[in-house]
Structures are given as structure tokens and as C-alpha cells.
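The structure under discussion appears below in the form of C-alpha cells.
The values are calculated or read from the model by the stated rules, or taken from the named source; none is laboratory data. What you see is a predicted model, and the numbers here were worked out from it, not measured in a lab. Cβ placement follows ideal geometry from the backbone for every residue including glycine, while neighbour counts extend to all protein chains displayed. Heads up: the accessible areas ignore ligands, DNA and RNA and are worked out on the full protein's heavy atoms, side chains in. Shrake-Rupley method; radii C 1.70, N 1.55, O 1.52, S 1.80 Å.
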Amino acid sequence: MTSGAAGDGRVGEEPPVRQDGRMSIVKINVLTVPDEQREVLEKRFASRAGAVESSDGFEWFELLRPVEGTDQYL
């Protein structure tokens, strides 16, 4: 297995374990969104606030806008 600095995302590393012994799992979706639909996506994202936060084990949810020159939200 490859080893590297903790949390640097290298394949083959053991996932980080929290002090309470539980692990966090990160899921990233890539959404390709044309310019004319970005506002719609962002409004829908904002209006769903609170929809998953109460789910057991849920920790974090955010929408990252595309960097310049791309059309992909994360």
C-alpha cells in the first residue's frame, strides 16, 4: 500500500478515524451544469436546507461552485 501524509487522499490509505473510533465517509458528486441553469441549481440547493441534516450520522453538506473555465459543481 502507498502511504503518505495523513489526509492527502492517496489511494490505498486507511481512512482517518475520529477520536471516538468512528470514521467519516466523504461522497462527492460532480454535476455538469450549463451556464443558463446554474441559478436554478443554486436556488434548489438553498431551498433544500435542512432536508438531510437530521439524518442519523450526517455531518456536512455543501455545494462548491465551478472554478473558472469549467461547468462542474461539486
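In this simple spin-label approximation, F61 and L41 carry label points 7 Å from Cα along the Cα→Cβ vector, and these lie 1.7 nm apart.
Magnitude of the charge dipole for segment 31-73, about its Cα centre and with charges confined to Cβ atoms of Lys, Arg (+1) and Asp, Glu (-1), is about 140 debye. Expressed as a whole percent, the accessible surface of segment 31-73 that belongs to carbon and sulfur atoms is 52, based on a 1.4 Å probe.
Relative intensity of segment 31-73 on a log10 scale, I(q)/I(0) at q = 0.29 Å⁻¹, equals -1.03, per a Debye sum over C-alpha point scatterers of equal strength in the absence of solvent.
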